[in-house]
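Enquirer: Handing you this structure, nothing more for now.
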Amino acid sequence: MEINKVKVRTWSMLGERRTFGTMMDVYAPEMDKVFVMSGDLLTSSGLDRFVRNNPDKFLSAGISEQNMVGIASGLAANGYKPFITSFSPFITGRVYDQVRMHLGYMHHDVKLVGLAAGIGVGIQGNSHFGLDDVALMRAVPGMVIVEPADCTEVVKAVKAIYDYDGPVYLRLIGEAGAPVVNHADYDFEIGKAITLREGKDVAIVAAGTMVYQSLEAAKLLAENGIECKVINMHTIKPIDTVTLDAIADYKLVVAIEEANVVGGLGSAMAEYYVQQAKCPKMMIMGVNDCFPKAGKYNYMLRELELDAEGIAKRIEEKLNE
Amino acid sequence: MTIMSIEEIKDLSSRIRRTIIEAAHDAGNQGVHIGGALSMADILAVLYGEFMNYDIHNPLDESRDRLVLSKGHDCLGLYAALAEVGFITKQELKDNYLQDGGFLPTHPVKCVEKGIECSSGSLGMGLGFAIGEALAMKMKKIDNHIFVIMGDGECDEGSGWEAFIAAKQYKLDNIVLFIDKNGLQSDGAVADIMPINLAGALRELGWHVIEANGHNVEDLYKATRQAVSNTDAPTVIIAETVKGKGVSFMENNNAWHHGHLSEEQYEQAIKEISDGNQ
């Protein structure tokens, strides 16, 4: 598909989850095995047009996510490729045992689409934050976790995960009006990280919304003479160890994620590094194993020091230790 | 598919029970879920003997009928049925049932080639999976049935109720659910632990509800014949059963929810089953 400035701007305005739904409609003619279900969040998933155009390929599960995973598994056992959507804590935590049995144990080809992961729903609070979703899904053997850095990457990822045979957790994150990381077309491959900026002093490995914040932080740090390499680790599992090896010599490697620091991207990197001959000094930035106070998204990013200023400040402090 | 006479189905029941006892005995001192395997033996015989369309030489045939065992812990009954109809050999059962690294552990692992449609053991999940299969069959315009066996104790699980509601909403008349209502669960009587009026509740939810004697083959036969011809909604056959059915010292004795057989008990059990203690 052609990617141009107008499309990138439009997707960005839609935000990740509505971009997802929009692309499901666009790709539908070439996804002959697709079947979509939602846990009563069709509109929140941006799926209205898909359902209008493909009424035979959609079913509402009502507000019963556990059953939805089971149904999707039964469809997958018979050759379909179901995409099922709900808010991220409900499509991972609430249904964890179903995911473990159906997508893990039986390795059925179901795509879990988690809406508004991280703290994207801001003032709605912790019932709807997706902070432990990455840790949970990493613990399921055979699960792939994809976390797009922006809406353009959602467009690339939807097609890639459809083409991939096996269970995937698609972690959609951020708000509508999301910042753009990828302004033009590029190669996206599951499991292959993308270096977005070169720098010799610090290597930042980020996922999702934190990719943009890291790029902004790198600009701030550059003003103080600190050069950062910034890597978009859009696939958290399986993690791109070739890229991790390539940055093992940096004096500081920083993992940044909009998730609990327990069991997430930083944990995945640390688990890899400690078993290698060369284990770099690391920082892991995310939500520090707490239920953060709810607030507007940008307020929360500031409070959690996950905005560009907070990230830059913490890296500089670490280098001065 | 095998078409059997009532007498042949009864004989299949008896052979399934005998294989359950033999496999439990072969497992040695390892505890085995026997009671709930015996309580569903007649249901399995009616399905594999008469109603299910399957071909052991073409197990992946898309149009096959499927059996989803939701009460996975009682899969010894399923293994015995699969051994009796030829999906697995008696030797494979002996070599793999509860054996290190074998493909027939205490809770079933999906292996469609051997007739096992779904990994289960975490309760309350079979019907949801069956709904997905039933929807797939409808979309592919395959006219077949998805049979499911749940336990009455298992109906405590909330996920099962999500599936009860959805199966009706989606009008899945290609689903036939058996509830093996043996009245006992791990810690005691269902009536004491979490009583549910299953027939009333499922009727209220819009299911076709048939109540049957789960050990009377004629009764089960008639109920299943009716169930596979019902339309517009799924059918549940609530089968009144006895946990441990066929072996006097196991019947209604929850010690045999999970237990192992001494040599004397083994010989008595085999004798009672051979004598046709029904």
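Read-outs throughout are calculated quantities, based only on the coordinates presented, and are distinct from any laboratory measurement. Bear in mind the structure is a predicted one, so any value in this text is a computation, not a measurement. Glycine also receives a Cβ, built like all others from the backbone with ideal geometry; neighbour counts cover every protein chain displayed.
Enquirer: Quick one: B:Val217, B:Val242, fewest Cβ neighbours within 10 Å first, how do they rank?
Expert: Final ranking by Cβ density, sparse to dense: B:Val242, B:Val217.
Enquirer: In whole Å, what is the distance between the alpha-carbon centres of region A:268-303 and region B:154-183?
Expert: Between the Cα centres of region A:268-303 and region B:154-183 lies a distance of 43 Å.
Enquirer: Follow-up question, since we're still on this one. Calculate the spin-label point distance for B:Gln169 paired with A:Ala28, positioning each point 7 Å from the Cα along the beta-carbon direction, and give it in nanometres.
Expert: Placing both labels 7 Å along Cα→Cβ, they lie 2.0 nm apart.
Enquirer: Taking the mean number of other Cβ atoms within 10 Å as a proxy for protection, how do you rank A:84-94, A:205-215, B:221-231 from highest to lowest?
Expert: Working: A:84-94: 25.3, A:205-215: 27.9, B:221-231: 16.5.
Ranking, from highest mean packing down: A:205-215, A:84-94, B:221-231.
Enquirer: For chain A, what class follows from the C-alpha gyration tensor (a ≥ b ≥ c being the square roots of its eigenvalues): rounded when a/c is under 1.5, otherwise prolate if a/b is larger than b/c, else oblate?
Expert: Taking the square roots of the gyration eigenvalues as a ≥ b ≥ c, chain A is prolate.
Enquirer: Take the alpha carbon atoms of region A:77-124, find their center, do the same for region A:134-200, and report the distance between the two centers in whole angstrom.
Expert: Value for the Cα centre distance between the two parts: 15 Å.
Enquirer: What is the average number of partner chain Cβ atoms found within 10 Å of a Cβ in B:102-114? Please list the in-between numbers first.
Expert: Working: counts 0, 0, 0, 0, 0, 0, 0, 2, 7, 0, 1, 0, 0.
Taking all residues of B:102-114 together, the mean is 1.
Enquirer: Using only the Cα atoms of region A:5-173, each taken as one equal point scatterer with no solvent, compute I(q) by the Debye sum, divide by I(0), and report log10 of the ratio at q = 0.11, 0.19 Å⁻¹.
Expert: Listed by q, the Debye log ratios stand at -0.38, -1.23.
Enquirer: Helix-derived [θ] at 222 nm for chain A: sum -39500 (n - 2.57) over DSSP H runs of at least 4, divide by residue count, nearest 500?
Expert: -10000 deg cm²/dmol
Enquirer: Counting pairs of alpha carbon atoms under 8 Å apart in space and at least six apart in sequence, what relative contact order in percent does chain A give?
Expert: 17 percent.
Enquirer: Give me A:Thr152, A:Thr195 ranked fewest to most by other Cβ atoms within 10 Å of their Cβ, as a rough exposure proxy.
Expert: Taking fewest neighbouring Cβ atoms as first place, the list is A:Thr195, A:Thr152.
Enquirer: Please give the length that would be gained between B:Asp275 and B:Glu218 if that part of the chain were fully extended, namely 0.36 nm times their separation in residues minus their C-alpha to C-alpha distance (nm, one decimal).
Expert: Extending this stretch completely gives an extra 18.6 nm.
Enquirer: If you don't mind, another one. Check cross-link reach from A:Lys7 to the aspartates and glutamates: straight Cα distance under 14 Å, and skip same-chain residues fewer than eight apart.
Expert: A:Glu16, A:Asp150, A:Glu153, A:Asp185
Enquirer: I would also like to ask the following. What GluC sites (Glu not before Pro) does region A:259-309 have in DSSP loop regions with at most 16 other beta carbons within 10 Å?
Expert: A:Glu305
Enquirer: The protein assembly as shown: percent of C-alpha pairs farther apart than 37 Å?
Expert: 41
Enquirer: By a straight-distance test (C-alpha under 19 Å), which lysines pair with A:Lys278 as possible cross-link partners, with residues fewer than eight away in the same chain excluded?
Expert: The qualifying lysines are A:Lys200, A:Lys229, A:Lys251.
Enquirer: Can you give the relative contact order of region B:6-274 as a percent, counting alpha carbon pairs under 8 Å and 6+ residues apart? Could the numbers behind the result be given before it?
Expert: Working: 531 pairs, mean separation 65.1, N = 269.
Contact order relative to length: 24 percent.
Enquirer: List B:Asp74, A:Asp185, B:Asp143, B:Asp173 from most exposed to least, where exposure is judged by having the fewest other Cβ atoms within 10 Å.
Expert: Ordered from fewest to most neighbouring Cβ atoms within 10 Å, B:Asp74, A:Asp185, B:Asp143, B:Asp173 come out as B:Asp143, A:Asp185, B:Asp173, B:Asp74.
Enquirer: If the limit is 31 Å between Cα atoms, which of B:Lys71/B:Lys168; B:Lys10/B:Lys110; A:Lys159/B:Lys71; B:Lys94/B:Lys140 go over it? Walk me through the intermediate numbers first.
Expert: On the way: B:Lys71/B:Lys168 21 Å; B:Lys10/B:Lys110 28 Å; A:Lys159/B:Lys71 37 Å; B:Lys94/B:Lys140 38 Å.
Flagged as over cut-off: A:Lys159/B:Lys71; B:Lys94/B:Lys140.
Enquirer: Work through the residues other than B:Ile179 whose Cβ is under 12 Å from its Cβ and net out their charges, Lys, Arg +1 and Asp, Glu -1. Mind dumping the intermediate values first?
Expert: Working: positive: B:Lys71, B:Lys181; negative: B:Asp152, B:Glu154, B:Asp180, B:Glu211, B:Glu240.
Charge balance in the 12 Å sphere: -3.
Enquirer: So if we plug the beta-carbon distance of A:Lys313 and A:Thr10 into 1/(1 + (r/R0)^6) with R0 = 30 Å, what FRET efficiency do we get, rounded to 0.05?
Expert: Plugging the Cβ-Cβ distance into 1/(1 + (r/R0)^6) gives 0.30.
Enquirer: Okay, next question. With runs of 4+ DSSP H residues as the only contributors, calculate the mean residue ellipticity of chain B at 222 nm using -39,500 (n - 2.57) per run, divided by the residue total and rounded to the nearest 500.
Expert: So the calculated ellipticity at 222 nm is -12000 deg cm²/dmol.
Enquirer: Same structure again: Give a quick list of GluC sites (Glu not before Pro) in region A:125-204 that DSSP marks as loop, anything other than H, G, I, E or B, with at most 15 other Cβ atoms within 10 Å.
Expert: Filter output for region A:125-204: A:Glu189, A:Glu198.
Enquirer: In 10 Å bins starting at zero, report the fraction of Cα pairs in region B:6-274 per bin as a rounded %.
Expert: Calculated over all Cα pairs of region B:6-274, the distribution is 7, 33, 38, 18, 3, 0 percent.
Enquirer: Between B:Ser5 and A:Asp48, what's the calculated FRET efficiency when r is the beta-carbon distance and R0 is 60 Å? Round to 0.05.
Expert: 0.60
Enquirer: Something else: Which of the residue pairs A:Lys5/A:Lys313; A:Lys5/A:Lys219; A:Lys111/A:Lys313; A:Lys111/B:Lys181; A:Lys111/A:Lys192 have a Cα-Cα distance greater than 26 Å in the structure shown?
Expert: A:Lys5/A:Lys313; A:Lys111/A:Lys313; A:Lys111/B:Lys181
Enquirer: Further, regarding this structure: Percent relative contact order of region A:48-188, based on C-alpha pairs within less than 8 angstrom and at least six residues apart?
Expert: Working: 228 pairs, mean separation 32.5, N = 141.
After rounding, I find 23 percent.
Enquirer: What aspartates and glutamates does A:Lys57 reach when the alpha-carbon gap must be under 14 Å and sequence neighbours fewer than 8 apart in one chain are set aside?
Expert: A:Lys57 reaches A:Asp25, A:Glu30, A:Asp32, A:Asp48.
Enquirer: Per residue of A:57-67, count partner chain C-beta atoms within 10 Å of its C-beta, then hand back the mean as an integer.
Expert: Values: counts 1, 0, 6, 2, 5, 4, 1, 8, 2, 9, 17.
Per residue, the average neighbour count from other chains is 5.
Enquirer: Let me ask something else. Along the charge dipole of the protein assembly as shown, Cβ charges K/R +1 and D/E -1, which of B:Gly35, A:Gly225, A:Ile71 sits furthest on the positive end?
Expert: Value: A:Gly225.
Enquirer: Another one. So what are the ³J(HN,Hα) numbers for region B:50-57, from phi and the Karplus equation (6.51, -1.76, 1.60; θ = phi - 60°), rounded to whole Hz, Gly and Pro as x?
Expert: 10, 8, 7, 9, 8, 9, 5, 8
Enquirer: Can you list the HN-Hα couplings for region A:286-291, worked out from phi with the Karplus curve (6.51, -1.76, 1.60; θ = phi - 60°), rounded to whole Hz and with x for Gly and Pro?
Expert: x, 8, 7, 6, 8, 9
Enquirer: Round to the nearest 0.05 the FRET efficiency obtained for A:Cys290 and B:Lys90 when R0 = 45 Å and r is the Cβ-Cβ distance.
Expert: Efficiency for this residue pair is about 0.20.
Enquirer: OK, next. How long is the gain from A:Ala176 to A:Glu303 if the chain were fully straight, where each residue apart is worth 0.36 nm and the alpha carbon distance is subtracted?
Expert: Working: separation 127, 0.36 × 127 = 45.72 nm, distance 2.05 nm.
Additional length available on full extension: 43.7 nm.
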